[in-house]
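Below you'll find the structure, written out as structure tokens, and then a few comments.
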Amino acid sequence: MFADLKDAPADPILGMAQLFAADPDPRKVDLGIGVYKDAAGDVIVLDTVKQAERWLVETQASKGYISSAGNPVYNDAIRALIFREGSDAHGRARTVQTPGGTGALRVAGDFIHRLRPGGRIFLPDPTWANHPALFAAAGIEIVTYPYYDVATGQLRFDAMMAALEALTADDTLLVHGCCHNPSGTDPDAAQWAAIGDLLAAKGATPLVDLAYLGFGQGLEEDRAGIAILAGKVREMIVASSCSKNFALYRERTGALTLVAGTPTQADAAKGHLLPVIRANYSMPPDHGAAVVAHILGDAGLRARWESELTGMRTRIQDVRRRLVAQLDGRGGRDFSYLAEQNGMFALLGLSRDQVQKLRNDWHIYATDSGRANLAGLTADNVDYVAEAFAAVSHG
């Protein structure tokens, strides 16, 4: 089985991480891997997470299986985090725990393919690099639709809506709930409403990838687009993650939320989802979910977590503004759009050769597509990075 295998191609992100680790230059900056870093450039553990973990060590009485749906307290807490408790959508929603947001997306793909085997999934161009592989592995035909203009840093809304006229009732539309990866550009309220109206007219199902809740403008603001969609359509699916907003990357803590026309229909949909999970990974990991459930269920811890989340979000906004200020009037393009976007990611509009020049001449590591994780900027390196961006974009 293995004797004739050739070396597999290296993962581009992990390969870049290895190059970064091997680079001895003290000026080196990692803008590649999509993790939040603090003002010192470190990947942190939140204080509230540490407190919850101490509580868990002292109080958890069993490591026995729970169910394929995972931790029910966590599921209720995540459902309320996505849809305001007491809202119509909250009542029509059911949530199950998954191994990270990626696990939620893959389970969603398998579930969609089982229910709509002839349907297609429409993915934005650009989108997270793993989306095409996930849905292709689930057996779903992929269609792309225009989303973002790298040259201008703007949403291609008219072109997007024109392309989405091809949706049918068997199709699924993937949208990023907030902090679009990789562009950082999200629809406004009126655009969300127009998307919802189109989905309702076509009968297509929205699948919302919600990986960065709280990293854009705030928890309430970042879930506003999903609330608008839920008011327009009767059914939707939300894949969410706690990797970023709780900094629980390696704990693989995510969720899949189904919204149906009625609570009874939601219960039935969840019942059909559980065998899909059972045939995949059977049971999700518990530790991260138990931590999140405790934080969200304790008023004091929740308030402190929201403060920590605000600190992370504000730091990203601050370095975006400082980067734009340092780039003003320099280089070969206008980077002002970076200050208007949300979340960690931005597309720099640099060619592959320019990205290579960043890496070779300046020891700054971004992906070959020109996507940069701006959470890798700090007060100590942002001026240097601005100088490098200006130099390579001008050249």
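Entry remark, region 318-340: residues being out of contact with any helix residue (DSSP H, G or I) (no Cβ under 7 Å at 6 or more places or on another chain) and either buried (at least 21 other Cβ atoms within 10 Å of the Cβ) or not assigned by TED's automatic domain parsing to the domain that holds A379 (or both) number 0 in total.
Per-residue answers, yes or no, for (1) under 25 Å from T98 (Cβ atoms); (2) touching a residue at least 12 places away in the same chain (Cβ under 8 Å); (3) of a type in the set (D, E, K, R):
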| site | (1), (2), (3) |
| --- | --- |
| A10 | no, no, no |
| D25 | no, yes, yes |
| D42 | no, no, yes |
| V49 | yes, yes, no |
| A69 | yes, yes, no |
| V73 | yes, yes, no |
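Return a yes/no flag: does region 99-120 have any residue that is assigned to a strand (DSSP E or B), under 12 Å from I277 (Cα atoms) and touching a strand residue (DSSP E or B) at 6+ places or on another chain (Cβ under 7 Å). Yes: one or more hits.
Number of residues in region 71-95 that are touching a helix residue (DSSP H, G or I) at 6+ places or on another chain (Cβ under 6 Å) and not in a helix (DSSP H, G or I) equals 6.
From the list R333, R304, the lone residue that is of a type in the set (D, E, K, R) and farther than 30 Å from G101 by Cα is R333. Residues that are in contact with an Asp or Glu (Cβ under 6 Å, 6 or more places away or on another chain) and under 21 Å from M312 (Cβ atoms) within region 352-395 comprise just one, G376. Only one of the listed residues (G153, G139, G196) is within 27 Å of G32 (Cα to Cα) and in the same structural domain as V208 (by TED's automatic domain parsing). That residue is G153.
Could you list, in sequence order, the residues of region 366-392 that are crowded, with 21+ Cβ neighbours inside 10 Å and of a type in the set (S, T, N, Q)? Within region 366-392, T367, N373 meet the criteria.
The values are calculated or read from the model by the stated rules, or taken from the named source; none is laboratory data. Fair warning: this is a prediction, and the values are worked out from it, not measured in the lab. Don't worry about glycine lacking a Cβ; one is built from the backbone with ideal geometry, like all the others, and counts go over all protein chains shown.
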